[in-house]
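A short worksheet on the structure shown next.
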Amino acid sequence: LDVSMDTWNFFYTCLVSLWLHRFYIYSAVAFGISIWIVIQFTTTKTKKKVTEHGEKSNGNPASSEGIEDKLVNGYATLQAKEVYVAGVKIFYGSQTGTAKRFAKGLAEAVISLNLPAEVISMGDYDPDDCLSEETTSRNICVFLVATYTDGQPTESAAWFCKWLEEAANDFRFGKTYLKGLRYAVFGLGNSVYVDHYNTVGRNIDRWLWMLSASRIMTRAEGDCNVAQSKHGSIEADFEAWRAKFLSRLQVLCRGEKKPCSGKCKKGKCKSPGKQNKESSDLEHGASEYENTEAEELFETSSEEEADAEEAGGTNSVIDVEDLGDIMSHMKKAKSEVATRSSGSHPVLDKGIPNIACGFGDYQFCVRSADQGYKLIGSHSGVKLCRWTKSMLRGRGGCYKHTFYGIESHRCMEATPSLACANKCVFCWRHHTNPVGTEWRWKMDQPEMILQEAIENHQNMIKQFKGVSGVKADRFEEAMTAKHCALSLVGEPIMYPEINRFVKLLHQHSISSFLVTNAQFPEEIRNLEPVTQLYVSVDASTKESLKRIDRPLFKDFWQRFLDSLKALSEKQQRTVYRLTLVKAWNVDELKAYADLISLGKPDFIEVKGVTYCGESSASNLTMANVPWHEEVVRFVQELADLIPDYEIACEHEHSNCLLIAHKKFKINGEWCTWINYDRFQELVQEHERSGGSKTFTAADYAARTPLWALFGSRERGFDPLDVRYQRKSKARDISGC
């Protein structure tokens, strides 16, 4: 008890003493806090000076070695300074070595600013694999490109330019595919060749812009013609541009606002420097006069593009009566323009006539060229399928490779009739092709169509020689077409000489895959044997067919049913082609089953619709594109309603499945593939016998490999190839 009392007395005495001397205690604490604040403030200021000194000494405000101090909860913390420019990639396409020399010189100048620089030959670069990565890399991409013979790119830059042009005009990539990529273009040319002066540089600039890449400065052009060169020689032109580029690069490194607003109209850079001299000098590193001149150069190169773009903005339909006139003027238009003394025409450069017989005509030709079509005669065309390119590079074939064993790199996609009797809502041509219900114009001979189709196809294949990733053996094989998909666009069966054309294909040992829209039943009945005959069954009721296919015939439904009946009479392979459009035709299972019992097809392909981009001709959106799992579920439910059929194959990458008749399941093994050599033997015997010797689909069936079957681990992708999936933020709607 005494100890407890002593302890209590001690604490009580201490508390009283603290209370009596509280003023001195408060003063001491306040003094200590003041000293701590002064020390922290002095330390922070010293660190900032060190950081600023380091940045000034290395001359690179974008350096990741720089640090910043930030006060967080009263404590100074160190954070990495934001990097505005990570480096510079310099792409060159050179024939004589000039562009390469310029690229190396520019790289040395960039490195002197303590920025990494990489010099890349376009011939060694795969844009399909790598270019999209530059949208997030914070690099600046510089393109030094020469224009070679007839306005074409140099050999090393040919594939890069071909890929970029197709990407700019392919709905699968989307308008914002390269959004975030920053670039500058310097073209090398010779103004002596007026018609094609610096065409390649102008095209690359335009295609990058079409894919939403951002210019960091206006395109510049060097001229080998010293008499016309702005600075006296192409070297001097480049040196002047290089000084502007380096100045602009330093501005970007500091994180200052870019001169181009990104709201350029029709490929014309609307820099604010055009209105403000001081801004122009800072941002472009040029005088007001020089900047204006550069703008005029760019606008001149884009006038025709703007006209074409305006024409393409509408969706007028070309009548079949006009189509013959369109194509018949080709040679005349070419010869007339050849006499012009200056300027190049972007449409004529692609082999398309500058037609003055109607707005719709011009639109048709421009769109066809932009989309990679090679027009033949007055009503035919050929185009290189993207799956042909894919298989050339060992990246897999199309669904027909999986389902039927075609070699996609040896397949020619063509049509002898660009006209169609439908205006389907999912038409990937956005209805720029002509429409009609009967043949009304001068007919080209099938021999000429096939010869030019093969020649054009081979010329398109040749462009892949030396391209990165292309397999040498497949390139050689691709020069000889083995298959022809008559499904490019339009209605091939409308062509009056379709039977002669098909026979010519077979005589060249080319298999025939013919697609019809089920509006010409008599033509189907009269059709000679083809390797495989398709009918598009886009809907299962009269109302939905009218809404989806928008046929021109008033008796379209009866024609549709009669076409299916005609198909049932065929002895060779027949296929229904179903395209699923969510909210349009996916709830008609029983009606589809009834149509299958009517036409008795050997196979039923079911594929999700491919979204073709925005168009005033259609109100489809991405919401109408079914996921692959939804297509699988539809197919499973449909298969339950048709007892003579089973699900056989799957090609996940095309969002497509195959239902096959059970007669093709022999001894427990599916035989959906085709023995093409056997088919050629059978069809030749048929022709030699005058048609008396017939054959059936079973006579040229071949076993389907395990990887192609539904439920396989590969999901329809050939294990001999390597699957490539494009790096993209968008949902994969590639289809076929």
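The values are calculated or read from the model by the stated rules, or taken from the named source; none is laboratory data. These numbers were taken from a predicted model, which means no experiment stands behind them. We place every Cβ from the backbone using ideal geometry, glycine too, and count neighbours over all the protein chains shown. Note: areas computed on protein heavy atoms with side chains; ligands, DNA, RNA excluded. Shrake-Rupley method; radii C 1.70, N 1.55, O 1.52, S 1.80 Å.
Being closer than 22 Å to LEU384 by Cβ, among the acidic types (Asp, Glu) and touching a Cys at 6+ places or on another chain (Cβ under 8 Å) narrows it down to one residue among GLU476, GLU491; which is it?
GLU491
Does GLU438 meet the test of being among the charged types (D, E, K, R), modelled with pLDDT under 90 and either more than 19 Å from MET479 (Cα to Cα) or open to solvent by 10 Å² or more (accessible area, probe 1.4 Å) (or both)? Walk me through it before giving the result.
Values: among the charged types (D, E, K, R): yes; modelled with pLDDT under 90: yes; either more than 19 Å from MET479 (Cα to Cα) or open to solvent by 10 Å² or more (accessible area, probe 1.4 Å) (or both): yes.
For GLU438, the condition - among the charged types (D, E, K, R), modelled with pLDDT under 90 and either more than 19 Å from MET479 (Cα to Cα) or open to solvent by 10 Å² or more (accessible area, probe 1.4 Å) (or both) - is met.
Which residues, taken from the range 647-697, are in a helix (DSSP H, G or I), of a type in the set (Gly, Ala, Ser) and at pLDDT 95 or above? Can you show your working first?
Kept after step one, since they are in a helix (DSSP H, G or I), are these residues of the range 647-697: 652-654, 662-664, 676-688, 697.
After this cut, where a residue has to be of a type in the set (Gly, Ala, Ser) as well, the list is 654, 697.
Once the filter is applied, which keeps residues that are in a helix (DSSP H, G or I), of a type in the set (Gly, Ala, Ser) and at pLDDT 95 or above, the range 647-697 yields only ALA697.
Being touching an Asp or Glu at 6+ places or on another chain (Cβ under 8 Å) and among the aromatic types (Phe, Trp, Tyr) is the filter here; which residues of the range 376-418 pass it?
Across the range 376-418, the qualifying residues are TYR399, PHE403.
Please state which of the following conditions THR136 fails to meet, knowing it meets all the rest: (1) surrounded by 15 or more Cβ atoms within 10 Å (Cβ to Cβ); (2) out of contact with any Cys (no Cβ under 9 Å at 6 or more places or on another chain).
(1)
Restricting attention to the range 548-572, which residues are farther than 30 Å from PHE664 by Cα and more than 29 Å from the chain's Cα centre (by Cα)? Give the steps one after another, and end with the answer.
Initial filter on the range 548-572 (farther than 30 Å from PHE664 by Cα): 548-558.
Within the range 548-572, PRO551, LEU552, PHE553, LYS554, ASP555, PHE556, TRP557, GLN558 qualify.
What number of residues in the range 128-153 are touching a Ser or Thr at 6+ places or on another chain (Cβ under 6 Å) and not in a helix (DSSP H, G or I)? Give the derivation first.
First pass over the range 128-153, keeping only residues touching a Ser or Thr at 6+ places or on another chain (Cβ under 6 Å): 146-148, 151.
The next check asks that each one be not in a helix (DSSP H, G or I); those that pass are 146-148.
Of the residues in the range 128-153, 3 are touching a Ser or Thr at 6+ places or on another chain (Cβ under 6 Å) and not in a helix (DSSP H, G or I).
Quick check on SER468: is it part of a loop (DSSP other than H, G, I, E, B), closer than 21 Å to HIS401 by Cβ, open to solvent by 10 Å² or more (accessible area, probe 1.4 Å) and touching a Phe, Trp or Tyr at 6+ places or on another chain (Cβ under 9 Å)?
Details: part of a loop (DSSP other than H, G, I, E, B): yes; closer than 21 Å to HIS401 by Cβ: no; open to solvent by 10 Å² or more (accessible area, probe 1.4 Å): yes; touching a Phe, Trp or Tyr at 6+ places or on another chain (Cβ under 9 Å): yes.
Answer is no for this residue.
Counting only residues that are of a type in the set (Lys, Arg) and more than 30 Å from GLN684 (Cβ to Cβ), give me the helices (runs of 4 or more DSSP H) lying completely in the range 518-576 with at least 1 of them. So that I can check it myself, show each step before the final result.
Details: elements: 521-525, 542-549, 556-568.
The helices (runs of 4 or more DSSP H) meeting that bar are 542-549, 556-568.
Looking at the range 105-127, which of the residues that are part of a helix (DSSP H, G or I) and in contact with a strand residue (DSSP E or B) (Cβ under 6 Å, 6 or more places away or on another chain) is nearest to LEU164 (Cα to Cα)? Break it down into steps so the answer makes sense when it comes.
As a first pass, look at the range 105-127 and keep what is part of a helix (DSSP H, G or I): 105-111, 122-124, 127.
Checking which are in contact with a strand residue (DSSP E or B) (Cβ under 6 Å, 6 or more places away or on another chain) leaves us with 106-107, 110-111, 122.
Numbers: LEU106: 24, ALA107: 24, VAL110: 26, ILE111: 28, MET122: 12 Å.
Checked the range 105-127; the qualifying residue nearest to LEU164 (Cα to Cα) is MET122.
From the list ALA453, ALA478, ALA472, pick out the single residue that is touching a residue at least 12 places away in the same chain (Cβ under 8 Å), more than 11 Å from PRO416 (Cα to Cα) and not polar (S, T, N, Q).
Values: ALA453 fails: more than 11 Å from PRO416 (Cα to Cα); ALA472 fails: touching a residue at least 12 places away in the same chain (Cβ under 8 Å).
Just a single option satisfies the conditions, and that option is ALA478.
Quick check: is even one residue across the range 491-504 open to solvent by less than 50 Å² (accessible area, probe 1.4 Å), of a type in the set (Lys, Arg) and either part of a helix (DSSP H, G or I) or over 30 Å from VAL683 (Cα atoms) (or both)?
no
Just wondering, is there one or more residues in the range 244-253 that are open to solvent by less than 10 Å² (accessible area, probe 1.4 Å), at pLDDT below 90 and under 24 Å from PRO127 (Cα atoms)?
No: the range 244-253 contains no residue that is open to solvent by less than 10 Å² (accessible area, probe 1.4 Å), at pLDDT below 90 and under 24 Å from PRO127 (Cα atoms).
Can you report the number of residues in the range 215-232 which are open to solvent by 30 Å² or more (accessible area, probe 1.4 Å) and polar (S, T, N, Q)?
Keep residues of the range 215-232 that are open to solvent by 30 Å² or more (accessible area, probe 1.4 Å), which gives 224-228, 230-232.
Applying the additional criterion that residues be polar (S, T, N, Q) yields 225, 228.
Selection size over the range 215-232: 2.
Part of a helix (DSSP H, G or I) and buried (at least 23 other Cβ atoms within 10 Å of the Cβ), is that true of VAL200?
Numbers: part of a helix (DSSP H, G or I): yes; buried (at least 23 other Cβ atoms within 10 Å of the Cβ): yes.
Yes.
When you scan the range 152-166, how many residues do you find that are out of contact with any strand residue (DSSP E or B) (no Cβ under 6 Å at 6 or more places or on another chain) and open to solvent by less than 10 Å² (accessible area, probe 1.4 Å)?
Count: 2.
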